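Notes follow once the structure below has been shown.
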Amino acid sequence: MKKISYKVNRAASGGPRKARGKIQKVRSLNITSLIDILTILLVFLIKNVSLDAERLTVPDQMALPSSIVAEELEKSGRSVVLKVFTDQILLGSENMYVGTPDDFMTDTDVRNQLLQFMREQSAQIVAQNPDSLPLLLIQADETIQCRYITDIVALGADADFANIYFSTVRGDDPQLLYGS
Amino acid sequence: MASGVSKRRTQKGSDVQELNLMPIMNLFITIIPMLLMITVTVHMALLSLNLAASGGEGAGGEGGEASDVEKVKEIKIILYTDRIEIREEGVSDPILIPAIFSPDGSTRHDYLALDDHLTEIKSRNEDVFEIGITPYPDVYYGTLIRAIDISKLRGFPEVKYERPRVMVL
């Protein structure tokens, strides 16, 4: 009997209240500082993110050459990207497979298909907005031989691209780029 | 009365404290990894090209109009696998910059010498802004880009890309 009464008394004297207090402490965990950090990070990332990220990122398995000079795309232009890897050529933001660089040089069908597609792309850009210029942006591996690049540039000119650009990674130090 | 008011105030205060931050946390947790994935960590650059006239001759660019336009001195860089050649109109001997042979057997072009020569040519031709670059087929794209980069850096912003004239015998 004594024991029972003791238990009842203990419960009545605030046992459960203590438990509720603990739960409330857990609920009111202070995450304000965490949200502050996340907000700063979010603003920073939004500021730095490029809408052209897909176009102007370094493609996987491609070593782009470095340059100190950096020019900007023609403001009134819209670009079509051509990626020249050592083993394949991809066209457009959809990365349409064209063939290997050697196919491009030797197979007239591959070359004609590429020319036709590039013409369609440039015509589409002009059709969508007559004021905009079709621009060709070439991203190529630095170990690609110029025989391919020269022909691709010529094809781009044939396909009515107003300007042709080479995409590079921006470097800062001339001594590092040219001296070593 | 006084005690009633204070109770209400306390209740309001506790409502504000118990703001449900879980949805905004979920949003952050979704957005931040996505942004981290698509953020560009490498600064990209672009080099623009001028295309040579289809005839491959002269710096006029627009066919028959070339004769009406004031003749600009022509400067050309020709890239070979073992050397770089600079040809300047009115100068009989081209400048030859041989590639540097490393002890391990590899070769690399002497870009510093190219830089020095272009600086010197520019100092003599301050009104010339165009330069032609002709890479031979076996030359690497990296070499071409470096030659274009140095040309633009040394005061020749208009780079004309030219196809080498190969004679078949």
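The values are calculated or read from the model by the stated rules, or taken from the named source; none is laboratory data. Remember, predicted model here, so these are calculated numbers, not experimental data. Cβ coordinates were reconstructed from backbone atoms using ideal geometry, including for glycine residues, and neighbour counts include every protein chain displayed. Accessible surface is based on the protein model in full, side chains and every heavy atom, while ligands, DNA and RNA are left aside. Shrake-Rupley method; radii C 1.70, N 1.55, O 1.52, S 1.80 Å.
Any chance the range B:144-165 includes a residue that's assigned to a helix (DSSP H, G or I) and either away from chain A (no Cβ under 11 Å) or without any contact (Cβ under 8 Å) to a residue 12 or more places away in the chain (or both)?
There is no residue in the range B:144-165 that is assigned to a helix (DSSP H, G or I) and either away from chain A (no Cβ under 11 Å) or without any contact (Cβ under 8 Å) to a residue 12 or more places away in the chain (or both).
Scan the range A:146-180 residue by residue and report those that are in a strand (DSSP E or B), touching a helix residue (DSSP H, G or I) at 6+ places or on another chain (Cβ under 7 Å) and not hydroxyl-bearing (S, T, Y).
The answer is A:I164, A:F166.
Given the criterion within 14 Å of chain B (Cβ to nearest Cβ) and on the phi < 0 side of the Ramachandran plot, identify the matching residue among A:Q128, A:Q145.
Going through A:Q128, A:Q145 in turn, the sole match is A:Q145.
Being open to solvent by 30 Å² or more (accessible area, probe 1.4 Å) and touching a residue at least 24 places away in the same chain (Cβ under 8 Å) is the filter; apply it to the range B:128-143 and report the residue that is nearest to the other protein chains (Cβ to nearest Cβ).
Let us first name the residues in the range B:128-143 that are open to solvent by 30 Å² or more (accessible area, probe 1.4 Å), namely B:129-130, B:136-138, B:140.
From what's left, touching a residue at least 24 places away in the same chain (Cβ under 8 Å): B:129-130, B:136-138.
Numbers: B:F129: 14, B:E130: 15, B:Y136: 7, B:P137: 4, B:D138: 6 Å.
Residue satisfying both the conditions and the ranking: B:P137.
Cβ contacts < 7 Å: first residue under 16 Å from B:D115 (Cα atoms), restricted to the range B:79-104; second residue of a type in the set (F, W, Y) and open to solvent by 20 Å² or more (accessible area, probe 1.4 Å), any location; separation 6+ or different chain. Result?
Qualifying pairs under 7 Å: B:L79/B:Y136.
Name every residue in the range B:111-135 that is within 23 Å of A:A140 (Cβ to Cβ) and in contact with a strand residue (DSSP E or B) (Cβ under 6 Å, 6 or more places away or on another chain), in order of residue number.
Within the range B:111-135, B:L114, B:I131, B:G132, B:I133, B:T134, B:P135 meet the criteria.
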